[in-house]
Every structure is written in structure tokens, then in C-alpha cells.
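The next block holds one structure in the form of C-alpha cells; read it before the comments.
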Amino acid sequence: MNFNLRNAVIHNVSNNTQDQLEDTIVDAIQSGEEKMLPGLGVLFEVIWQNSSEQEKKEMLGTLESGLKH
């Protein structure tokens with residue numbers, strides 16, 4: 001069985017609205033289930049690949065600040 005998680009996640013959300021994408025992210029975080037982490041990673045990869053250098057710097061600043069709590 002050849003299963004590509006990245007493609008499966010993208011396929012499952014590719015036609016979602018912004019509200020649906022937000023619900024997916026919030027639900028995954030609130031559930032606290034480890035099995036949701038790879039899907040969130042795929043979504044972050046899409047965000048990262050489609051962000052400008054300035055947006056990436058802002059995300060890194062937010063991440064750095066969040067990790068210092």
C-alpha cells in the first residue's frame with residue numbers, strides 16, 4: 001500500500017472555504033491528538049510555500065515569541 005499523507009491532506013481540504021479551513025485547524029489543535037500533527041504540518045507547508053519573505057519573517061517572529069512562554 002502506497003499512501004501519500006501530504007497528497008491526502010491536500011485533497012481533503014483543497015475545496016474548503018476559509019471558514020472550513022479554520023475549523024479544521026482549530027479542531028486539530030483543540031483535540032490535542034498526536035495523529036493530527038502531520039496534517040497540520042502539511043497545511044503549514046502550504047502556507048510557508050505560498051508566503052512572501054516578509055510573511056515568513058513575521059511567522060518566524062510569532063513562532064519564536066510563542067516558544068519563549
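Listing 26, 46 from the residue with the fewest other Cβ atoms within 10 Å to the one with the most, what is the order?
Exposure proxy ranking, most exposed first: 26, 46.
Report, in debye and to the nearest 20, how large the dipole of the chain comes out about its Cα centre when Lys and Arg carry +1 and Asp and Glu carry -1 on their Cβ.
240
Provide the convex hull volume over Cα atoms per residue for the range 5-67, in Å³.
99
Show which aspartates and glutamates lie in cross-link reach of residue 57 when reach means a straight Cα distance below 19 angstrom and same-chain residues fewer than eight apart are skipped.
45
For the chain, what is the calculated [θ] at 222 nm in deg cm²/dmol (nearest 500), taking -39500 (n - 2.57) for each run of four or more DSSP H residues and dividing by its residue count?
My calculation for the chain gives -23500 deg cm²/dmol from helical runs alone.
The numbers here are math on the coordinates, done by the rules we state, and not lab data. Since this is a predicted model, take the numbers as computed values, not measurements. Cβ: placed from backbone, ideal geometry, glycine included. Neighbour counts: every protein chain shown.
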